[in-house]
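Read-outs throughout are calculated quantities, based only on the coordinates presented, and are distinct from any laboratory measurement. Here the structure is a predicted model, which means the values were calculated and not measured. Note: ideal-geometry Cβ built from the backbone for every residue, glycine included; neighbour counts use all protein chains shown.
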């Protein structure tokens, strides 16, 4: 058996709409041998499938997506294992921008300081009520 077939990222296989996938299913989807998947689990901590009662690996959709990304990095972009690890680390360190939304009247922090005090007083009263219930 030669090198694995290289599939461009825009032609990734469609992942069936299932809750869990067995290692054989994932192996066929990603077009890699099961031992490769087991090895990647040891190298990439984010790839951690659950185990069934019979100790069979059960991959979730996010695991399958991660496997396809790892395969793309290693086989298409020719990253080393260490390079792929660094890629994921740098991705994890980048702050994800919070989407900005227009403030609504129900927001806790509004521009009117008097309204903020009203909200804070309401929260304080509710917390005191909870504390009395717990005593």
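Our summary gives segment 17-66 a relative contact order of 45 percent, counting only alpha carbon pairs under 8 angstrom and 6 or more residues apart. Between residue 54 and residue 87, the modelled label-to-label distance comes to 3.5 nm, taking each label 7 Å out from Cα in the direction of the beta carbon. Exposure proxy for 59, 39, 75: other Cβ atoms within 10 Å of each Cβ, ordered fewest to most, give 39, 75, 59.
Residues 14, 41, 82, 65 in ascending order of nearby Cβ atoms (within 10 Å, fewest first): 14, 82, 65, 41.
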